[in-house]
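Working notes for the structure below.
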Amino acid sequence: MAGPEDMEVDAPETSTSQVKKSSSYELPWVEKYRPIVMEDIVGNAETVSRLAVFAKEGNVPNVIITGPPGTGKTTSILCLARALLGPSFKDAVLELNASNDRGIDVVRNKIKMFAQQKVTLPKGRHKIIILDEADSMTDGAQQALRRTMEIHSKTTRFALACNASDKIIEPIQSRCAVLRYSRLTDAQVLARLLEICKKESVSYTDDGLEAVIFTAQGDMRQGLNNLQSTFQGFGHVSSENVFKVCDEPHPLLIKDMLQHCVTGNIDQAYKVISHLWNMGYACEDIIGIIFRVCKTHNMPEYLKLEFIREIGYTHMRIAQGVTTLLQMSALLARLCKISSDPKKSQN
């Protein structure tokens with residue numbers, strides 16, 4: 001009978017220690033280090049400076065911010081709203097995300113009701129309605145929105161964030177200033193990662209941060225999530241740990257495979273692709289990493305262009321559903337054939 005009693009006594013101690021340990025990680029770093037003011041936003045300096053001018057002068061047009069995910073679109077709009085409205089931020093800002101229902105009824109009721117509300121604001125300031133992932137709104141909702149934008153232009157400004165501006169109807173585009181965001185550079189992501197590593201006392205190696213940047217592909221949100229996941233999972237950020245967490249084929253393996261293709265060694269190249277296949281990686285993942293590694297691989301320019309063309313054709317076939325080891329092996333055979341006949345590929 002002593003055994004179960006001991007177990008009952010031990011159980012709460014373990015759980016409290018776990019709670020204490022996890023209490024410092026209660027907030028994701030993406031939210032913890034989200035910029036509050038314009039000056040803290042990383043990348044897209046020219047576009048952010050235009051928003052800073054809007055914030056300073058107070059005369060803000062309706063805006064559409066478009067660009068890839070994780071580049072700071074929503075953060076920029078929130079920083080702009082804080083700079084414009086100050087203490088009135090909570091009362092004068094309505095934020096609707098793609099997770100909310102944003103059909104035609106919401107535009108007619110919720111958005112219209114908010115636009116009609118009276119809020120005491122500083123002179124020359126307007127209420128702001130933020131529509132995140134605006135490209136996922138239905139056509140009907142967008143048609144209803146364009147009229148609302150006109151009717152309430154004296155009191156309300158609209159800020160739309162989206163990944164693809166072409167999915168927003170032209171009448172709305174013509175009523176807005178369109179700001180385009182691009183992917184962040186590796187140097188910009190690295191600077192932010194180093195800053196956060198210092199604040200969080202993260203143990204890392206240079207190749208570990210390099211791996212985080214490689215997996216992020218210019219997406220700051222992805223980079224921070226991968227950094228936090230690796231650190232909390234392994235306690236140390238090394239390239240091996242990062243690729244375990246992200247579950248991507250290791251670029252060094254792909255690099256070796258491409259080098260074997262450059263030298264025309266099909267047997268060694270096939271060993272690598274077979275190894276990756278047996279590890280359970282999907283064709284889409286492998287071909288994506290092959291393309292990204294090939295772009296930076298040290299080989300003659302004409303050869304690189306031929307390689308990228310063949311990789312592109314194979315990616316197209318994989319996208320059409322032909323996801324077999326034979327398809328990947330055929331790619332290696334074609335790459336080896338190109339490198340073994342350089343005169344033909346130069347022509």
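The values are calculated or read from the model by the stated rules, or taken from the named source; none is laboratory data. Remember, predicted model here, so these are calculated numbers, not experimental data. Because the Cβ atoms are built from the backbone with ideal geometry, glycine has one as well, and the counts that use them run over all protein chains shown. Accessible surface areas use protein heavy atoms only, side chains included; no ligands, DNA or RNA. Shrake-Rupley method; radii C 1.70, N 1.55, O 1.52, S 1.80 Å.
Okay, here's what the table says:
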{"read-out": "Qualifying residues in region 243-275 (those that are in a helix (DSSP H, G or I) and touching an Asp or Glu at 6+ places or on another chain (Cβ under 9 Å)) - the one least open to solvent (accessible area, probe 1.4 Å)", "value": "A269"}
{"read-out": "Condition met for D285 (more than 15 Å from K255 (Cβ to Cβ) and surrounded by 13 or more Cβ atoms within 10 Å (Cβ to Cβ))", "value": "yes"}
{"read-out": "Selection within region 227-242 - surrounded by 23 or more Cβ atoms within 10 Å (Cβ to Cβ) and either within 20 Å of G288 (Cα to Cα) or in contact with a Phe, Trp or Tyr (Cβ under 6 Å, 6 or more places away or on another chain) (or both)", "value": "V237, V242"}
{"read-out": "Per-region count, region 309-324, residues in contact with a helix residue (DSSP H, G or I) (Cβ under 8 Å, 6 or more places away or on another chain), within 20 Å of V262 (Cα to Cα) and either among the small types (G, A, S) or surrounded by fewer than 15 Cβ atoms within 10 Å (Cβ to Cβ) (or both)", "value": "1"}
{"read-out": "V119, sole failed condition from (1) in contact with a helix residue (DSSP H, G or I) (Cβ under 7 Å, 6 or more places away or on another chain); (2) under 22 Å from D91 (Cβ atoms); (3) part of a helix (DSSP H, G or I)", "value": "(3)"}
{"read-out": "Test result for L184, open to solvent by less than 40 Å² (accessible area, probe 1.4 Å), touching a residue at least 12 places away in the same chain (Cβ under 8 Å) and touching a Lys or Arg at 6+ places or on another chain (Cβ under 9 Å)", "value": "yes"}
{"read-out": "Unique residue being over 17 Å from Q217 (Cβ atoms) and touching a Cys at 6+ places or on another chain (Cβ under 7 Å) when the list is T263, T323, T314", "value": "T323"}
{"read-out": "Residue within region 152-165 that is assigned to a helix (DSSP H, G or I) and without any contact (Cβ under 8 Å) to a residue 40 or more places away in the chain present", "value": "no"}
{"read-out": "Failed item, numbered, when L224 is tested on (1) open to solvent by less than 30 Å² (accessible area, probe 1.4 Å); (2) without any contact (Cβ under 8 Å) to a residue 60 or more places away in the chain; (3) not in a loop (DSSP other than H, G, I, E, B)", "value": "(2)"}
{"read-out": "Unique residue being surrounded by 10 or more Cβ atoms within 10 Å (Cβ to Cβ) and at pLDDT 85 or above when the list is S17, S49", "value": "S49"}
{"read-out": "Residues of region 35-46 satisfying the condition of being within 15 Å of G67 (Cα to Cα) and out of contact with any Gly (no Cβ under 9 Å at 6 or more places or on another chain)", "value": "A45, E46"}
{"read-out": "Selection from region 167-181 of residues that are assigned to a strand (DSSP E or B) and surrounded by fewer than 16 Cβ atoms within 10 Å (Cβ to Cβ)", "value": "A177, V178, R180"}
{"read-out": "Looking only at region 28-46, and only at residues there that are β-branched (V, I, T) and in contact (Cβ under 8 Å) with a residue 40 or more places away in the chain, the one that is surrounded by the fewest Cβ atoms within 10 Å (Cβ to Cβ)", "value": "V37"}
{"read-out": "Matching residues, region 150-166, being in contact with a Ser or Thr (Cβ under 8 Å, 6 or more places away or on another chain) and either under 17 Å from V107 (Cβ atoms) or open to solvent by 40 Å² or more (accessible area, probe 1.4 Å) (or both)", "value": "A161, C162, N163"}
{"read-out": "Which numbered condition L84 misses (of (1) open to solvent by 20 Å² or more (accessible area, probe 1.4 Å); (2) free of Cβ contacts under 8 Å to residues at least 60 places away in the same chain; (3) over 25 Å from Q217 (Cα atoms))", "value": "(1)"}
{"read-out": "Selected residue (criterion: modelled with the lowest pLDDT) from residues of region 334-347 that are part of a helix (DSSP H, G or I) and out of contact with any helix residue (DSSP H, G or I) (no Cβ under 6 Å at 6 or more places or on another chain)", "value": "K344"}
{"read-out": "When residues of region 54-73 are limited to those that are within 13 Å of L179 (Cβ to Cβ) and in a helix (DSSP H, G or I), the one modelled with the highest pLDDT", "value": "K73"}
